[in-house]
Amino acid sequence: MEGYKKLSGSASSQSLADDRTLNARKAFEAGDVSASRTAHLLPRHEEATVPEGRFLKAIIFGGLDGISTIFAFLAGAVGARLELVNILAVGLAQLFAGALGMGLGEFISRSAERDMAKREEEREFWEVENNPDGEISEMIDIYMSKGVSEEDASIVARTLSKYKDFWVEHMMLHEIGMLPPTDDLMEAKVQGLVMFLSFLLLGSLPLLAYILSHSIIGHDDASTGAQLTMTCMASSGALFVLGMVKAHMAEMAMLRGGLSMMFQGLACAG
């Protein structure tokens, strides 16, 4: 391939793999078949998902919930005419408790998914050992339901069944609709930490905006509306940026993504 140089080392291989994904995306967006074929000659990426999308769900979910929850609390606290010290005490407690709950919830849910996947994987291995023809028959029916002819479905199923590990993974995806389990809990721990930090950092923005507005405008009854307006503007801005980040990672229109996230977050906040 013209312009392609074979590089050595894991970093070089990873760089080529990243180039493959990037070039393939650009070729798809431009409708360039030749560029797509060239991109596919580069080494295949080893990871199942693109690196920038690994934490997307945790960042968006945690950030959206954090901003919406704290803004809703501030709106209620201002309406109830609470003192600043009371708002800070309750707001910080809610911020930390919410972040901890979201982080632990993410970790526990992913751990539960992993345990369930391991159980199903063990069952599939047992069925492959003890009832291989039954498993082949099930997959033939699944292939046929997707429009594959019975002859081709039988060929595919009997060929793949020769490779037990791949066959079990394939059946988990297409028969059960479940991803194969990972070997350890590190991914669940990391995702839980990302969720915790996303809620904590982004959720603190409305609270910081309220403190800043309280310092600038004052704390009399006449300034309450202005304080809430500044807090709303800060929350809207944070939601807009979060939506733009989401749209950028998904390669969608950033303005539309930002506006969509902003309106959804404000609607959740009430």
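See the values below:
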| item | result |
| --- | --- |
| So Val194, is it outside any helix (DSSP H, G or I) and open to solvent by less than 60 Å² (accessible area, probe 1.4 Å) | no |
| Criterion: open to solvent by less than 90 Å² (accessible area, probe 1.4 Å), in contact (Cβ under 8 Å) with a residue 40 or more places away in the chain, under 30 Å from the mean Cα position of the chain (by Cα) and under 30 Å from Gly62 (Cα atoms) - qualifying residue of Glu120, Glu124 | Glu120 |
| Test for Arg54: is it within 25 Å of Phe240 (Cα to Cα), open to solvent by 60 Å² or more (accessible area, probe 1.4 Å) and either touching a Ser or Thr at 6+ places or on another chain (Cβ under 9 Å) or not aliphatic (A, V, I, L, M) (or both) | yes |
| Set Val85, Val78: member being of a type in the set (A, V, I, L, M) and open to solvent by less than 40 Å² (accessible area, probe 1.4 Å) | Val78 |
| Residue identified as aromatic (Phe, Trp, Tyr), modelled with pLDDT of 65 or more and over 25 Å from the mean Cα position of the chain (by Cα) among Phe73, Phe61 | Phe73 |
| Pick from segment 250-270, criterion open to solvent by less than 30 Å² (accessible area, probe 1.4 Å) and modelled with pLDDT of 80 or more, ranking: nearest to Ile67 (Cα to Cα) | Met261 |
| Among residues of segment 142-191, those that are polar (S, T, N, Q), free of Cβ contacts under 8 Å to residues at least 24 places away in the same chain and in a helix (DSSP H, G or I), counted | 3 |
| Qualifying residue in segment 151-159 (condition: modelled with pLDDT of 90 or more, of a type in the set (Val, Ile, Thr) and within 30 Å of Gly76 (Cα to Cα)) | no |
| Search result, residues across segment 115-144 that are closer than 21 Å to Leu179 by Cβ and of a type in the set (Ser, Thr, Tyr) | Tyr143 |
| Hey, Ile108 in contact with a Ser or Thr (Cβ under 9 Å, 6 or more places away or on another chain), in a helix (DSSP H, G or I) and open to solvent by 50 Å² or more (accessible area, probe 1.4 Å) or not | no |
| Meets criteria (open to solvent by less than 50 Å² (accessible area, probe 1.4 Å), at pLDDT below 85 and assigned to a helix (DSSP H, G or I)) for Ala247 | yes |
| Out of Ala226, Ala238, sole residue that is loosely packed, with under 15 Cβ neighbours inside 10 Å, touching a helix residue (DSSP H, G or I) at 6+ places or on another chain (Cβ under 7 Å) and part of a helix (DSSP H, G or I) | Ala226 |
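The values are calculated or read from the model by the stated rules, or taken from the named source; none is laboratory data. What you see is a predicted model, and the numbers here were worked out from it, not measured in a lab. Reconstructed Cβ throughout: ideal geometry from the backbone, glycine too, with neighbour counts over all protein chains shown. Note: accessible area is taken over every heavy atom of the protein model, side chains too, but ligands, DNA and RNA are not part of it. Shrake-Rupley method; radii C 1.70, N 1.55, O 1.52, S 1.80 Å.
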